[in-house]
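Enquirer: Have a look at the structure that comes next, please.
The values are calculated or read from the model by the stated rules, or taken from the named source; none is laboratory data. Computed from a prediction, not measured in an experiment: that's the story for all the values here. Virtual Cβ from ideal backbone geometry, glycine too; neighbours counted across all protein chains shown.
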């Protein structure tokens, strides 16, 4: 098992009301089994705990001192068995997800099948959506126009209490053929509910995480009076959270981020529950590299995923992705790989240029 800590500058600043990201620290993972088959994973925690409580430092510590010692030299016949082996380690979902992904990659390679087919995917081509999180209105409009010309099927815009609903409505009216999402990242509260309601007339297909993950009761109350469906993101960290959303009706759609729930195994459990409850899913992004994105694409092939996810090309955030082959968007769509496993690997020639530290365990 090998851990790589990298730090890569973004091509342009990614701005929300919570954080501005100008460079991406991340943990990359390779796991080799006894036969020499290599699986890859990626930890999507950020440098500071603005998205969840995990950070790059805490995830590295958890992987190095707890997850890897618990799994090194152990035998598994299926990735689902990992959860039992790690049950003494509470939460730390992003650290666990990196390892879970690497084992799923190995498992699919052992079967000599693409991962998306192994997990029951039904579509080989995925509609691509893009996130526009520019720091200025001018930059935002330029990014939107580029996305439209590129053929993306969906654009997600960041909103907060500082966003003008009239501007959002005007933008959406300019592109009637485009599907627009709003992402609030928990920006609203009970005191600013009236301001959130103003976005109900903008024409958004959904509003992502309007309130903090701790305010599901408020989310349920607001959802009852707003016609725009809520898609819960940070509120969904487990199957129990998904079931709670369905029962409370605090949202109508789930945003799936595998790192947030602990990996592909947990994500599949949530997917199956949502299919039964007829709750649609779409796949969110974490400013990630090609490995995490490839796992997201495999998940997006499942029948319960109903909306275009955060799937930009490899060159959207980076001059060059750290994974190979690169992910390309053609006419707003991405074709899934037919290679065994997740279909991508780490490009060490590029990776080594951005290494902060590396550690091998054997």
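Enquirer: So is residue 108 surrounded by 16 or more Cβ atoms within 10 Å (Cβ to Cβ), in contact (Cβ under 8 Å) with a residue 40 or more places away in the chain and within 25 Å of residue 233 (Cβ to Cβ) or not?
Expert: Here the answer is no, as residue 108 does not meet what is asked.
Enquirer: Identify the residue in the range 333-356 that is touching a helix residue (DSSP H, G or I) at 6+ places or on another chain (Cβ under 7 Å) and in a loop (DSSP other than H, G, I, E, B) and, among all such residues, is farthest from residue 28 (Cα to Cα).
Expert: The residue in question is 336.
Enquirer: Among the candidates 329, 291, 305, 356, single out the residue that is touching a strand residue (DSSP E or B) at 6+ places or on another chain (Cβ under 8 Å) and in the same structural domain as residue 67 (by TED's automatic domain parsing).
Expert: Going through 329, 291, 305, 356 in turn, just one is touching a strand residue (DSSP E or B) at 6+ places or on another chain (Cβ under 8 Å) and in the same structural domain as residue 67 (by TED's automatic domain parsing): 356.
Here is a yes/no grid of residues against (1) in contact (Cβ under 8 Å) with a residue 60 or more places away in the chain; (2) touching a strand residue (DSSP E or B) at 6+ places or on another chain (Cβ under 9 Å); (3) under 24 Å from residue 96 (Cβ atoms):
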residue	(1), (2), (3)
2	yes, yes, yes
8	yes, yes, yes
14	yes, yes, no
23	no, yes, no
32	no, yes, yes
39	yes, yes, yes
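Enquirer: A further question on this structure: Being more than 19 Å from residue 207 (Cβ to Cβ) and touching a helix residue (DSSP H, G or I) at 6+ places or on another chain (Cβ under 9 Å) is the filter here; which residues of the range 135-147 pass it?
Expert: Scanning the range 135-147 gives 137, 141.
Enquirer: Can you pull out the residues in the range 268-287 that are under 30 Å from residue 350 (Cβ atoms) and in contact with a strand residue (DSSP E or B) (Cβ under 6 Å, 6 or more places away or on another chain)? Give the steps one after another, and end with the answer.
Expert: Taking the range 268-287 as the starting set, the residues that turn out to be under 30 Å from residue 350 (Cβ atoms) are 282-287.
Passing the criteria: 282, 283, 284, 285, 287.
Enquirer: Return yes or no: is residue 299 outside any loop (DSSP other than H, G, I, E, B) and in the same structural domain as residue 124 (by TED's automatic domain parsing)?
Expert: On the way: outside any loop (DSSP other than H, G, I, E, B): yes; in the same structural domain as residue 124 (by TED's automatic domain parsing): yes.
Yes.
Enquirer: What number goes with the only condition from (1) touching a helix residue (DSSP H, G or I) at 6+ places or on another chain (Cβ under 6 Å); (2) closer than 27 Å to residue 317 by Cα; (3) surrounded by 15 or more Cβ atoms within 10 Å (Cβ to Cβ) that residue 161 does not pass?
Expert: Of everything listed in (1) touching a helix residue (DSSP H, G or I) at 6+ places or on another chain (Cβ under 6 Å); (2) closer than 27 Å to residue 317 by Cα; (3) surrounded by 15 or more Cβ atoms within 10 Å (Cβ to Cβ), residue 161 misses just condition (3).
Enquirer: Among the numbered criteria (1) within 24 Å of residue 344 (Cα to Cα); (2) surrounded by fewer than 16 Cβ atoms within 10 Å (Cβ to Cβ); (3) outside the structural domain of residue 314 (by TED's automatic domain parsing), which single criterion is violated by residue 122?
Expert: (3)
Enquirer: Which residues, taken from the range 50-93, are closer than 13 Å to residue 264 by Cβ and buried (at least 16 other Cβ atoms within 10 Å of the Cβ)?
Expert: First, pick out the residues of the range 50-93 that are closer than 13 Å to residue 264 by Cβ: 78-80, 82-83, 93.
If the condition is that a residue be closer than 13 Å to residue 264 by Cβ and buried (at least 16 other Cβ atoms within 10 Å of the Cβ), then 79, 80, 82, 93 are the ones that fit.
Enquirer: Do we have any residue at all in the range 54-69 that's outside any loop (DSSP other than H, G, I, E, B), free of Cβ contacts under 8 Å to residues at least 12 places away in the same chain and within 24 Å of residue 350 (Cα to Cα)?
Expert: Yes, the conditions are met somewhere in the range 54-69.
Enquirer: Given the conditions (1) within 22 Å of the chain's Cα centre (by Cα); (2) surrounded by fewer than 16 Cβ atoms within 10 Å (Cβ to Cβ); (3) over 23 Å from residue 292 (Cα atoms), and given that residue 141 satisfies all but one, which numbered condition is not satisfied?
Expert: Answer for residue 141: the failing condition is (1).
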